[in-house]
Amino acid sequence: MPADGNGMVPAPFPAWARVTDRRRTHIERVVGLLDRWARALDVPAETHQAWLDAGQWHDALRDASVDDLRSLSADGESPEGLLHGPAAAARLVADGESRDDVLSAIRWHTVGHREWSAVGRALYMADFLEPGRRFMPVDRAYLADRVIDDFDGTFRQVLRMRLEWALREGHALRPETVALWNSVR
């Protein structure tokens, strides 16, 4: 993504990132949504940059080996699909990243967290609403457009949709997800 007049570009991928070309395309679409929303909402430059960086790094280790993810996240119990966020956050901390809102957004982007700032909430929505996903394209495009007019209401709707899907599929709800839902309903 080219720099705009404010110099807003996502941070580069770290050398330790493990992403396929397909994943990189997903990340670019997530960053694109975050950038569009940040501009339309006229968020402060520091917040805008945090949104872009969280989007750029959220799946930086999504295609790493399970053994590496378990080691980096120090988590021997969670399902494989939940390890890449905590692992990426741990690597970013080791590299000197200190923005708590960015780290929290990345760490919890798959399950949510009730203490998130707008960075985590924006990433959670962008990861779900990015236009390359094939399910419910019309509904998700509508919600992506609604973020600008009703950030909090759209966040609740996205969270509700993700909870409903998890329940339909028979997945257990994580305590963090339930606490997030209880904080916004």
Matching option when the condition is of a type in the set (Gly, Ala, Ser) and either without any contact (Cβ under 8 Å) to a residue 40 or more places away in the chain or farther than 24 Å from residue 103 by Cα (or both), among 132, 120: 132
Candidate set from region 163-180 (those that are touching a residue at least 40 places away in the same chain (Cβ under 8 Å) and in a helix (DSSP H, G or I)); member that is surrounded by the fewest Cβ atoms within 10 Å (Cβ to Cβ): 179
Selection status of residue 80, more than 26 Å from residue 185 (Cα to Cα), at pLDDT below 95 and out of contact with any Pro (no Cβ under 7 Å at 6 or more places or on another chain): yes
Residue count for region 1-19, restricted to those that are of a type outside the set (Val, Ile, Thr) and at pLDDT 90 or above: 5
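Condition check ((1) part of a loop (DSSP other than H, G, I, E, B); (2) crowded, with 22+ Cβ neighbours inside 10 Å) across all residues:
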position	(1), (2)
9	yes, no
30	no, yes
48	no, no
55	no, yes
59	yes, yes
78	yes, no
93	no, no
96	yes, no
101	no, no
Meets criteria (of a type in the set (Asp, Glu), without any contact (Cβ under 8 Å) to a residue 60 or more places away in the chain and closer than 22 Å to residue 181 by Cβ) for residue 80: no
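The values are calculated or read from the model by the stated rules, or taken from the named source; none is laboratory data. Quick caveat: nothing in here was measured; it's all calculated off a predicted structure. Cβ atoms come from the backbone with ideal geometry, glycine included; neighbour counts cover every protein chain shown.
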